[in-house]
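Reading through the structure tokens given below for one structure.
Here, each number is a calculation from the coordinates, and none is a lab measurement. All of these numbers come straight from a predicted model, not from anything done at the bench. All Cβ positions, glycine included, derive from the backbone under ideal geometry; neighbour counts span all protein chains shown.
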Amino acid sequence: MSYVDEIIQEVVVKNPSEPEFHQAVKEVLESLRPVIEENEDSYRREALLERMVNPERQIKFRVPWVDDQGQVHVNTGYRVQFNSSIGPYKGGLRFHPSVNLGIIKFLGFEQSFKNALTGLPIGGGKGGADFDPKGKSDREIMAFCQSFMTELYKYIGCGSDVPAGDIGVGAREIGYMYGQYKRITGLYEGVLTGKGLSYGGSLARTEATGYGLLYLTEEILKINNIKLAGKTCAVSGSGNVAIYAIEKAQQLGAKVVTCSDSNGWIYDPKGIDLELLKEIKEVKRARLTEYVKARPDAQYHDGRGVWSIKVDIALPCATQNELLPEDAKQLVENGCLAVCEGANMPTTFEATEYLQEHGVIFAPGKAANAGGVATSALEMTQNSERLSWTFDEVDAKLKQIMVDITHNIDSAAKRYGHEGNYVAGANIAGFEKIVNAMTAQGIV
């Protein structure tokens, strides 16, 4: 049995009931086969893959909190510190009922490669809790965040582990957690990113993941002699990533005609009205059904179907495993040119393979949505220097990072005979950087 197959089998046996983690490890290692087979003896001797698929540390803790009626609730919190070979652990906190250890491990494993691709000195980690912020008052959110940080603070710090936001964790939640960290430790340091501008946050952080996705999309199309301007795009999601992906796509001359939330999706043939979408989602925190009340030409559909519209480019920006094989077939039939992932692993393995086999340009999330964590690292730099850069300065650095990532994954794929396979290219480029650092630091 090959080394890759051994490790995939071992991960499944040692991590039962964690299908998302199994999926992530399998997808990454399968794409790395040519690199691993070229160095199999030395990698096996140093148990390199075993060390790479096992987190350096995984923390699980209870989070008790009291609601507005005086009822006590108990949730489960997690922090998985996956790999620190190239820098402090860096990765978001997710508050969502679906959160479990397997999902956090899958996200942390992916994060290690994504962070390596940025070219910045940050390792990989992820965390969160099975808490649902929806429908909770600000006081309830604060109570939960303070309880969560009362345990988490023991394991993080500006030089060891710097969490950020993710699904369910925005500026409000970061603020409450930062206040509790400062209250407990007495330290005013850059221990969380995504902070408010009044206390150490970075301009352009809010826009970074969506903007970065479009900078990479534009560059990867350019490599393939295609212009983004004038193209029609489908976007899923209507959260932070989706909203700012739509904004930047429109700025770059593309027309976005869809978006979605957990209940349904919108098709607006005239192009998504961004100001209306922001009003509904960022101000009112309402459902997309409100959109069609103000835009009579738009259509609202319950459930799935956002990928059924004929478009040139698909940008999945909602959540993991949202683009299924039947969606991939629909996109191919409709002549879609490219799929670039704004969310973390939103396209299933089978759908990814189908798209690649049918000549669709496919940019994986670990490269395409790295703009968020890259700008978080830029926030860490500003905090360390006690400086604040302008929006344009941060945005220029973000664009350069995304352009560099595009060319790095393109050249890595070519080096191993996989030209145009950007999944392999992203995994190879990230893997090589992590391996070099792990090898240099000995068996740790």
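On the basis of the beta-carbon distance and an R0 of 45 Å, Lys60 and Asp297 show a calculated FRET efficiency of 0.35. Along the axis of the charge dipole computed for segment 208-368 (Cβ charges of +1 for Lys and Arg, -1 for Asp and Glu, origin at the Cα centre), the listed residues Pro325, Asn225, Gln251 are led at the positive end by Gln251. Modelled spin-label separation between Lys278 and Glu10, with each label point placed 7 Å from Cα along the Cα-to-Cβ direction: 5.0 nm.
Database remark: amide H of Phe131 closer than 5 angstrom to the amide H of His96 (H placed geometrically; neighbours at sequence offset of 5 or more, or on other chains; Pro and chain starts carry no H). Remark: the Cα gyration tensor places the chain in the rounded category, a/c being less than 1.5. Using the Cα gyration tensor of segment 62-110, with a ≥ b ≥ c the square roots of its eigenvalues, what is the shape: rounded (a/c below 1.5), prolate (a/b larger than b/c) or oblate (neither)? Prolate is the answer for segment 62-110, as a/c is 1.5 or above and a/b outweighs b/c. For Ala363, nonlocal amide neighbours, meaning residues 5 or more places apart or on other chains whose placed amide H falls under 5 Å from its own, are Val339, Cys340, Glu341. From the Kirkwood radius over Cα pairs of segment 55-191, Stokes-Einstein at 20 °C and 1.002 mPa s returns a whole-number translational diffusion coefficient of 144 µm²/s.
Multiplying the sequence separation of Leu252 and Glu37 by 0.36 nm and subtracting their Cα-Cα distance, what value in nm do you get?
Values: separation 215, 0.36 × 215 = 77.40 nm, distance 4.15 nm.
Between Leu252 and Glu37, full extension yields an extra 73.2 nm.
Between Leu187 and Glu46, the contour length at 0.36 nm per residue exceeds the Cα-Cα span by 46.8 nm. Going by neighbour counts of Cβ atoms within 10 Å, the residues Ser411, Ser238, Ser17 line up, fewest first, as Ser17, Ser411, Ser238.
Between His418 and Ser160, the FRET efficiency estimated from the beta carbon spacing at R0 = 30 angstrom works out to 0.25.
Put a plus charge on the Cβ of each Lys and Arg, a minus charge on the Cβ of each Asp and Glu, and nothing anywhere else: the dipole of the chain about its Cα centre is then about 1040 debye. Straight-line reach from Lys255: taking Cα to Cα under 19 Å and skipping same-chain neighbours fewer than 8 places apart, the lysines in range are Lys222, Lys227, Lys231, Lys270, Lys278, Lys310.
Under the classification rounded if a/c is under 1.5, otherwise prolate if a/b is larger than b/c and oblate if not, where does segment 208-368 fall, given a ≥ b ≥ c as square roots of the Cα gyration tensor eigenvalues? Prolate is the answer for segment 208-368, as a/c is 1.5 or above and a/b outweighs b/c. Over the residues of the chain, the helix contribution to mean residue ellipticity at 222 nm works out to -14500 deg cm²/dmol, using -39500 (n - 2.57) for each DSSP H run of at least 4.
Counting only lysines at least 8 places from Lys60 when in the same chain, those with an alpha carbon closer than 17 Å to its own are Lys105, Lys126, Lys154.
Per-residue 3J(HN,Hα) values for segment 24-32, derived from phi via the Karplus relation 6.51 cos²θ - 1.76 cosθ + 1.60 with θ = phi - 60°, read 5, 5, 4, 4, 5, 5, 4, 6, 8 Hz in sequence order (x marks Gly and Pro). Here's the picture: a label point sits 7 Å out from the Cα of Ala171 along the beta-carbon direction, and within segment 192-212 the residues with their amide nitrogen under 18 Å of it are 192-211.
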